[in-house]
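Asker: Below you will find the structure I want to go over with you.
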RNA sequence: GGCCGCGUGGCGCAACUGAAUAGCGCAUCUGAUUACGGCUCAGAAGGUUGCAGGUUUGAAUCCUGCCGCGGUCACCA
């Protein structure tokens, strides 16, 4: 039971005994640095139930608490704030309790059902770019946070592997590829296919120009170029199951998947299961038929099926075309239901998709609710803002995208440059160094993106790239590495064995602040999970690290003459290091032993 | 135009979802360290939280109206 729970109970008791009323809730906050105290009871909300002067009420309750609650040492009242000072022994006991808990901060697994998290979900005709990186990092991190909060998680993605856009790459490769493969060209598969997608676009534009010059209307030309007709013909063949077309499609998609997998591996993300649009694009039609019968949907004169959401302040939305074919929404309805069929323990789903689809998901969730699925209440659109460049939006056609693979390499090289200046890597082999540069470079990138609230837009400047000082990944990694350095030395001194006594010594101011930060780690994870927000974890680690650096600067750890005191500081440092590593792992960021 | 999101020192971000004098980093200025890793620490300066009202004992936070930026209003995905 945390100190706040204890106090909440006691404050309610105090109010009942002293004033004869029940207060439904009690509000606490950490005491601000400018005042003495550990935790503060805010009196103001109680004035609703207790008439009187807040200062007097604070005094009365404070006296009661000191008397009744052994953890409370003394108090002071400032305006409507009752600042409570907690005994050092409470913190020391708490710290001893959690010291051996290697899983500290993680909640016990609950059986409240699994959550499926969808993220990444790329097209198979273009390599991944910076926008996907934000998506992947968010999806992966939220998955890890949900796990840490005690949920079972399935990570998945839907791969957009069919449609006219895929056929464009196929046509271009057939026409101009001359049998080029990733092996023959030495190109990553996704980049190779992307190259032909771009080639298609170029030829298409050229043909439009030719047709316009020959007198065709521009708009008409855009829809009827020979190469586009060829792609459309290929799509028809694909849908008809033409063997040669399907074989080519499989081959080229295979290249892309190999390329994607390499990127995912480098980025450090993974998936438990995959859904392919080629398998799911026909799903959902029967559900629509079903919903039509139930009266959730209605049919228009031309035979198309719609849902009327005007009562909800939204519009009418189509769910099935007049010719009976599925639209995007149809598929998403079907896919959601399919996922629950595949994983019957699912109780909720998270969709990591950019905020340009806010409306789509609002409608999707509403439809699933109206169809009566119990899990529809627990669907969440993890919506995030675009990543912009100084030059504006990323546009693949204008070649202004930041390629994911290139960016990771750049970040690694930047980290190398900085590391080499510092030169703390004696005895590291070439491969060890390379791995370290990756850890630092990717750590910088990931932290930079994840520390920002998901719904905000991010401006990414590739030139200035990412800072390595201040509130950054490498700053945290550096602190971690320094702790490890202390622990190595402490090990030689035999001081990392654990606590001996310490009970009588009390806690130094910096030690106490540090323990208090350690204390709120589990609550931070819970909050981050509730809000689907890695940023909360990032901010927490940063706070913890700053507190540690302040402690580190203020007191001597290994130089402390008193054995018990020294050991306590070593063990405290070790625990802080463990938490840094654990929390950063929730962001998908690794910690180096040295750097 | 309708709907959705965002607007916080020069720049980049926080603020436990309504509480104390709005925090932090970068940049600027000043200082600390014979010590465990100086990618550290302490301090200074910098704000009418886009504007105007309203609710409240109390508003960056909630409500209304403007202004600005972005997104979205496809039988595309």
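The values are calculated or read from the model by the stated rules, or taken from the named source; none is laboratory data. This structure is a prediction, so every number in the text was calculated from the model and none was measured. Because the Cβ atoms are built from the backbone with ideal geometry, glycine has one as well, and the counts that use them run over all protein chains shown.
Asker: Kindly check whether there is at least one residue in segment A:226-238 that is in a helix (DSSP H, G or I) and modelled with pLDDT under 90.
Answerer: Kept after step one, since they are in a helix (DSSP H, G or I), are these residues of segment A:226-238: A:226-238.
Checking which are modelled with pLDDT under 90 leaves us with none.
The answer is no, given that none of the residues of segment A:226-238 is in a helix (DSSP H, G or I) and modelled with pLDDT under 90.
Asker: Right, something else. What are the residues in segment A:411-457 that are away from RNA strand B (no atom under 14 Å from the Cβ) and either surrounded by fewer than 13 Cβ atoms within 10 Å (Cβ to Cβ) or more than 23 Å from the chain's Cα centre (by Cα) (or both), if any?
Answerer: A:413, A:429, A:430, A:431, A:434, A:435
Asker: Condition check: within 16 Å of residue A:484 (Cβ to Cβ), within 12 Å of RNA strand B (Cβ to nearest atom) and at pLDDT below 95. Does residue A:560 satisfy that?
Answerer: For residue A:560, the condition - within 16 Å of residue A:484 (Cβ to Cβ), within 12 Å of RNA strand B (Cβ to nearest atom) and at pLDDT below 95 - is not met.
Asker: Shifting gears a bit: Kindly indicate whether any position in segment A:189-199 is away from RNA strand B (no atom under 16 Å from the Cβ) and more than 19 Å from residue A:160 (Cβ to Cβ). I'd like the intermediate steps shown before the answer.
Answerer: First pass over segment A:189-199, keeping only residues away from RNA strand B (no atom under 16 Å from the Cβ): A:189-196, A:198-199.
If we keep only those that are more than 19 Å from residue A:160 (Cβ to Cβ) as well, we get A:199.
Yes; the residues of segment A:189-199 include at least one that is away from RNA strand B (no atom under 16 Å from the Cβ) and more than 19 Å from residue A:160 (Cβ to Cβ).
Asker: In segment A:31-54, what residues are within 32 Å of the chain's Cα centre (by Cα) and over 17 Å from residue A:65 (Cα atoms)?
Answerer: The answer is A:32, A:33.
Asker: Under the condition of being within 20 Å of residue A:481 (Cα to Cα), within 6 Å of RNA strand B (Cβ to nearest atom) and surrounded by fewer than 19 Cβ atoms within 10 Å (Cβ to Cβ), which residue from segment A:530-554 is nearest to the chain's Cα centre (by Cα)?
Answerer: Applying the first criterion (within 20 Å of residue A:481 (Cα to Cα)) to segment A:530-554 yields A:537-554.
Pick out the ones that are also within 6 Å of RNA strand B (Cβ to nearest atom) and you get A:539, A:546, A:549-550, A:552-553.
In the following step, the residues that additionally are surrounded by fewer than 19 Cβ atoms within 10 Å (Cβ to Cβ) were identified as A:539, A:546, A:549-550, A:553.
Working: A:539: 13, A:546: 23, A:549: 26, A:550: 29, A:553: 32 Å.
Taking the candidates together, the pick is A:539.
Asker: Return the residue satisfying two criteria in turn: it lies in segment A:303-324 and is more than 6 Å from RNA strand B (Cβ to nearest atom) and under 15 Å from residue A:287 (Cβ atoms), and of such residues it is farthest from the chain's Cα centre (by Cα).
Answerer: A:324
Asker: To continue, here is another question. For the structure I just gave you, tell me whether residue A:135 is buried (at least 23 other Cβ atoms within 10 Å of the Cβ), within 14 Å of RNA strand B (Cβ to nearest atom) and at pLDDT 90 or above.
Answerer: Working: buried (at least 23 other Cβ atoms within 10 Å of the Cβ): yes; within 14 Å of RNA strand B (Cβ to nearest atom): yes; at pLDDT 90 or above: yes.
Considered against the rule, which asks whether it is buried (at least 23 other Cβ atoms within 10 Å of the Cβ), within 14 Å of RNA strand B (Cβ to nearest atom) and at pLDDT 90 or above, residue A:135 comes out as yes.
Asker: Considering only segment A:203-223, I want to know if a residue exists there that is part of a helix (DSSP H, G or I), away from RNA strand B (no atom under 16 Å from the Cβ) and touching a residue at least 60 places away in the same chain (Cβ under 8 Å).
Answerer: No, segment A:203-223 has no match at all.
Asker: Is it the case, given these coordinates, that residue A:287 is surrounded by 18 or more Cβ atoms within 10 Å (Cβ to Cβ), modelled with pLDDT of 90 or more, over 15 Å from residue A:369 (Cα atoms) and more than 9 Å from RNA strand B (Cβ to nearest atom)? Give the derivation first.
Answerer: Numbers: surrounded by 18 or more Cβ atoms within 10 Å (Cβ to Cβ): yes; modelled with pLDDT of 90 or more: yes; over 15 Å from residue A:369 (Cα atoms): no; more than 9 Å from RNA strand B (Cβ to nearest atom): yes.
Against the criterion (surrounded by 18 or more Cβ atoms within 10 Å (Cβ to Cβ), modelled with pLDDT of 90 or more, over 15 Å from residue A:369 (Cα atoms) and more than 9 Å from RNA strand B (Cβ to nearest atom)), residue A:287 does not qualify.
Asker: Right, another one. Return yes or no: is residue A:22 within 42 Å of the chain's Cα centre (by Cα), surrounded by fewer than 17 Cβ atoms within 10 Å (Cβ to Cβ) and more than 9 Å from RNA strand B (Cβ to nearest atom)? Walk me through it before giving the result.
Answerer: Numbers: within 42 Å of the chain's Cα centre (by Cα): yes; surrounded by fewer than 17 Cβ atoms within 10 Å (Cβ to Cβ): yes; more than 9 Å from RNA strand B (Cβ to nearest atom): yes.
For residue A:22, the condition - within 42 Å of the chain's Cα centre (by Cα), surrounded by fewer than 17 Cβ atoms within 10 Å (Cβ to Cβ) and more than 9 Å from RNA strand B (Cβ to nearest atom) - is met.
Asker: Further question: How many residues does segment A:44-81 hold that are more than 8 Å from RNA strand B (Cβ to nearest atom), closer than 23 Å to residue A:520 by Cβ, outside any helix (DSSP H, G or I) and touching a strand residue (DSSP E or B) at 6+ places or on another chain (Cβ under 8 Å)?
Answerer: Within segment A:44-81, residues that are more than 8 Å from RNA strand B (Cβ to nearest atom), closer than 23 Å to residue A:520 by Cβ, outside any helix (DSSP H, G or I) and touching a strand residue (DSSP E or B) at 6+ places or on another chain (Cβ under 8 Å) number 6.
Asker: Please specify each residue of segment A:552-595 satisfying the condition of being within 17 Å of residue A:474 (Cα to Cα) and not in a loop (DSSP other than H, G, I, E, B).
Answerer: First, pick out the residues of segment A:552-595 that are within 17 Å of residue A:474 (Cα to Cα): A:576-595.
Within segment A:552-595, A:576, A:577, A:578, A:579, A:580, A:581, A:582, A:583, A:584, A:585, A:586 qualify.
Asker: State whether the residues of segment A:92-112 include one that is farther than 19 Å from residue A:535 by Cα, crowded, with 23+ Cβ neighbours inside 10 Å and more than 14 Å from RNA strand B (Cβ to nearest atom).
Answerer: no
Asker: Restricting to segment A:26-43, count the residues that are near RNA strand B (Cβ under 6 Å from one of its atoms) and free of Cβ contacts under 8 Å to residues at least 12 places away in the same chain.
Answerer: Of the residues in segment A:26-43, 2 are near RNA strand B (Cβ under 6 Å from one of its atoms) and free of Cβ contacts under 8 Å to residues at least 12 places away in the same chain.
Asker: Which of the numbered conditions does residue A:6 fail, given that it passes all the others? Conditions: (1) out of contact with any helix residue (DSSP H, G or I) (no Cβ under 7 Å at 6 or more places or on another chain); (2) within 15 Å of RNA strand B (Cβ to nearest atom).
Answerer: (2)
Asker: Kindly indicate whether any position in segment A:390-397 is crowded, with 16+ Cβ neighbours inside 10 Å, out of contact with any helix residue (DSSP H, G or I) (no Cβ under 6 Å at 6 or more places or on another chain) and not in a loop (DSSP other than H, G, I, E, B).
Answerer: The answer is no, given that none of the residues of segment A:390-397 is crowded, with 16+ Cβ neighbours inside 10 Å, out of contact with any helix residue (DSSP H, G or I) (no Cβ under 6 Å at 6 or more places or on another chain) and not in a loop (DSSP other than H, G, I, E, B).
Asker: Could you please let me know if residue A:199 is surrounded by 12 or more Cβ atoms within 10 Å (Cβ to Cβ) and either out of contact with any helix residue (DSSP H, G or I) (no Cβ under 7 Å at 6 or more places or on another chain) or over 17 Å from residue A:127 (Cα atoms) (or both)? Show your work before the answer.
Answerer: On the way: surrounded by 12 or more Cβ atoms within 10 Å (Cβ to Cβ): yes; either out of contact with any helix residue (DSSP H, G or I) (no Cβ under 7 Å at 6 or more places or on another chain) or over 17 Å from residue A:127 (Cα atoms) (or both): no.
Here the answer is no, as residue A:199 does not meet what is asked.
Asker: A further question follows. Considering A:147, A:152, which residue is closer than 30 Å to residue A:455 by Cα and surrounded by fewer than 19 Cβ atoms within 10 Å (Cβ to Cβ)?
Answerer: Working: A:147 fails: surrounded by fewer than 19 Cβ atoms within 10 Å (Cβ to Cβ).
Every option except A:152 fails the conditions.
Asker: I've got another one for you. Can you tell me which residues in segment A:259-272 are farther than 15 Å from residue A:409 by Cα and either in a loop (DSSP other than H, G, I, E, B) or at pLDDT below 95 (or both)?
Answerer: A:269, A:270, A:271, A:272
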